[in-house]
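Derivation of every value follows stated rules applied to the coordinates shown; laboratory data play no part. In this text the structure is predicted, and so the values were computed from the model without any measurement. Cβ placement follows ideal geometry from the backbone for every residue including glycine, while neighbour counts extend to all protein chains displayed.
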Amino acid sequence: MSSSIVSLRHLTRQFGEITAVENVSFSLETGAIFGLLGPNGSGKSTLIRMMCGVLPPTSGDVYLFGHNVWKNPERIKESIGYMSQAFSLYGDLTVEENCRFYARIYGIEAGTQNQRIEDILNLTHLSNRHRQLAQTLSGGWKQRLALACSLLHDPQILFLDEPTAGIDPVARRELWDLLFELSTQGKTLFVSTHYMDEAERCSKIGYLQNAKLIAFGDPKTLKARPEVTPIGMKRYEISVPDAPAALLALRHQEGVQEATLYRGSLQVLAAESITQDEFSQRLGVPRGELHLKEAQPSLEDVFVSLTRENHDYGSYNDDKLPAPTEEPEITNTEVQRTRLLSFRGFTAVLLKEFSHILREPSTLFFMFLVPLLQLTIFGYAIDTEIEHIPTVVLNLDNREASRELIAAFENTRTFAIAKRVTQQKAFDELLRSGTAKVGIRVPADYSEKLLRRTQPVVQILIDGSDSQVANAALTASKLLGLTTSIRIAKQLGEQMQIAPARDLFGDAALPIEVRPRILYNPALESAHFFVPGLICLILQLVMLFLTAFAIVREREHGTLEQLFVTPVGRVGLLLGKLVPYLAAGAVELAVVLAAMIFLFGVPIQGSLFLLTALSLLFILCSLGLGILVSTLARTQLEAMQFAFIIMLPSVLLSGFIFPRSQMPLPIYGLTFAIPATYFLEIIRGIVLRGASLPDLRDPFVGLCICTLIILALSIFRFRKRLE
């Protein structure tokens, strides 16, 4: 390549049908201060992002230092600095901590970090604010901090995207003084702006209009363009007593092409044939009160001329661009350096994420207190044992046998007698109003039929609007009817000395006795079943939300884009974000397991080490899901929506509430794609049954496959560039 440090060749970027940058070509020499001007939406930020290697071009090439940026974007990132348009550093870190983070990212040796940070803070006059949180700085000081972070690694090219936007004039001037000082040190500065006074300070200027570079060159050359001061026209500066009134009158005069007010004087582009006397006559101002002198065009005049309505001067193309040479091969030294920077970048991101977690009360609350509250509330609230169903009784018999039957219903604890009535109408009204969910109607001849050994019919009316309550009532009433019938049959058998069988004590018994024995949860306590399942869902919920929101929030604030310009590798960046949350997940796991044991009395029958190891695997899988969500969502609202889409199947289809074996075949097949399905089997197996790893082979393999697929997909989808 030539001595050009920057070279763009036919660079184009399209977003669907919209062209943001079209066929831009130019080159810059070392030490230049290049000002890129243009109105909002002209493509300035898009062009800078393509040059920094974070936004791929649709076509064309960018060469920095002789390297084709988009053949190996990471190759140039150690040698460039980038300051985005919006403040994109970390508000909850101090000035010094932000600088130290970027010093680590760029691989500055630990022994020289302190001195380098001190030098940069002195250069940007931030040394007396080094312990101040970045979010408390004013706009001008925030820009100084952003500049300081972009200078720490001593880049050869500095890209500044509208660095003075939104700051006061004093801060603007001080910032430009800094930029001039950097230029004297041999830095090449690429500055986008829409302030014309800033453009006057640049050694080279480019002007973007409607995605095209319509002008390029030094200020003197641009001002000399023929369309700026057309043949037969001159630029004048006119001073009159009432300049605003004169401006209105002058704009409608023949031979006057442009007129504007600047610093109390009229700046006029008019026919050179118009004399001072004629101006005086046209404006109605005495000749002695009108002062006329020839003026030089400003850059504002240049760009007003170039962007005049219905005028198209085409686009600038540098026909002297050197031909590209073959891309230099990557040396072993570069490979080793890249690996070192990626590792140091991982360490920097790791430490930064720990700082965020420890300094953000809402994160700590959501990570540790919310899971404990959820486990406590839902652990006590979810209970499959349905008891004390409101029951109304209409006992038309009201003798000893019928009273014993009603007492038997009440003793089951499934039914709670809410009302005893004597009229059918009251009985029906209580059921219809929902006051009672079950109605027991004992006929008037119940006792007589028992004595005559004729089968009486006891009517049980069940409200089916709640299917779970109805099923519990139906099962309990059938079982009670069966046991009562068996008891009466045994009594009759004893009286008649006839029995189908005798037990060990010689008493009448049924031919076959079935003795069920419940293992692992003999008391059938719901907490033993649901609390381990709740731990599974809570771990997934918290890890998924935290990771997805952390990355999407960084994308929204621009800090992720700032990281894309650094040499930290994609894997290092992801691991740096995952490991702190994995450690936090381990602490959260300890908290919820302790609550399970001591609050709900659910002991761990199996290996605690095995449970911890497989739980960490599931936490890693959930973190991978969070990263995957962050690659799909562009806003925190979208991230929340995607997270709920993932969580609903995990709650309803994983086996947490409903048995998977009872689901329709297509839905049952779908459950194998849900990671919570496998971890539910694992945690319930270890906690309740004391299962070992061989016993859990199938769910363990399934969880491993899910984790590998999700992490691979997340890493593949997570690109270190803007889409």
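Dipole orientation for the chain: of the candidates Pro155, Leu137, Ser661, Ser661 has the Cα lying most toward the positive pole (charges on Cβ; Lys, Arg +1; Asp, Glu -1).
Among Ser4, Ser650, Ser465, the order by Cβ neighbours within 10 angstrom, fewest to most, reads Ser465, Ser4, Ser650. Each of Ser150, Ser485 has some number of other Cβ atoms within 10 Å of its Cβ, and from fewest to most they run Ser485, Ser150. Backbone geometry of the range 578-586 corresponds, through the Karplus equation with coefficients 6.51, -1.76 and 1.60 at θ = phi - 60°, to 3J(HN,Hα) couplings of 6, 4, x, 6, 5, 5, 5, x, 5 Hz, x marking Gly and Pro. Remark on Val21: its backbone amide H falls under 5 Å from those of Arg13, a criterion applied only to residues 5 or more positions apart or on other chains, H modelled at 1.01 Å from N. Toward the positive end of the charge dipole of the chain, with +1 on the Cβ of Lys and Arg and -1 on the Cβ of Asp and Glu, the farthest Cα among Leu178, His528, Gln424 is that of Gln424.
DSSP bridge analysis restricted to the chain gives an antiparallel fraction near 60%, rounded to the nearest 5. Here are labelled values, [x] 1.13; [y] 1.50; [z] 1.71, and one is the computed Cα Rg over 2.2 N^0.38 Å for what I pasted. Which one? Calculated Cα Rg over 2.2 N^0.38 Å: the matching label is [y].
Would you mind checking the pairs Lys187/Lys352; Lys77/Lys720; Lys187/Lys220 and listing those with alpha carbons more than 19 angstrom apart?
Violating the 19 Å limit, Cα to Cα: Lys187/Lys352; Lys187/Lys220.
So what's the gap between the Cα centers of the range 654-720 and the range 206-269, to the nearest angstrom? Each part reduced to its Cα centre gives a spacing of 72 Å.
At 222 nm, what helix-only mean residue ellipticity would the chain give, in deg cm²/dmol to the nearest 500, using -39500 (n - 2.57) for each DSSP H run of four or more? All intermediate terms of the calculation are to be shown ahead of the outcome.
Working: 25 runs with 348 residues, N = 723.
About -15500 deg cm²/dmol.
Counting pairs of alpha carbon atoms under 8 Å apart in space and at least six apart in sequence, what relative contact order in percent does the range 619-723 give? Value for the range 619-723: 36 percent. Measuring nothing but how far apart in sequence close Cα pairs (under 8 Å, 6+ apart) lie, relative to its length, the range 343-451 scores a relative contact order of 31 percent. For the chain, the relative contact order comes to 13 percent (Cα pairs under 8 Å, sequence separation of at least 6).
Once you mark the trypsin sites (Lys or Arg not before Pro) that are in a DSSP loop and have at most 10 other Cβ atoms within 10 Å, what is the longest gap between them in the chain? Value returned for the longest uninterrupted segment is 518-723.
Looking at the range 44-147, the GluC sites (Glu not before Pro) that sit in a DSSP loop and have at most 14 other Cβ atoms within 10 Å of their own Cβ are Glu109.
Cα centroids of the range 270-288 and the range 53-78: how far apart, whole angstrom? When both Cα centres are located, 56 Å separates them.
Rounded to the nearest 20, the Cβ-based charge dipole of the chain about its Cα centre (Lys and Arg +1, Asp and Glu -1) stands at 2000 debye.
For the range 389-509, give the share of DSSP beta bridges that are antiparallel, in percent and rounded to the nearest 5; count only bridges with both residues there. Counting DSSP beta bridges with both partners in the range 389-509, the antiparallel share is about 35 percent.
Taking other Cβ atoms within 10 Å as a rough exposure proxy, Phe368, Phe658, Phe564, Phe190 sort from fewest to most as Phe658, Phe368, Phe564, Phe190. Take the alpha carbon atoms of the range 547-604, find their center, do the same for the range 343-364, and report the distance between the two centers in whole angstrom. Here the answer is 9 Å between Cα centres.
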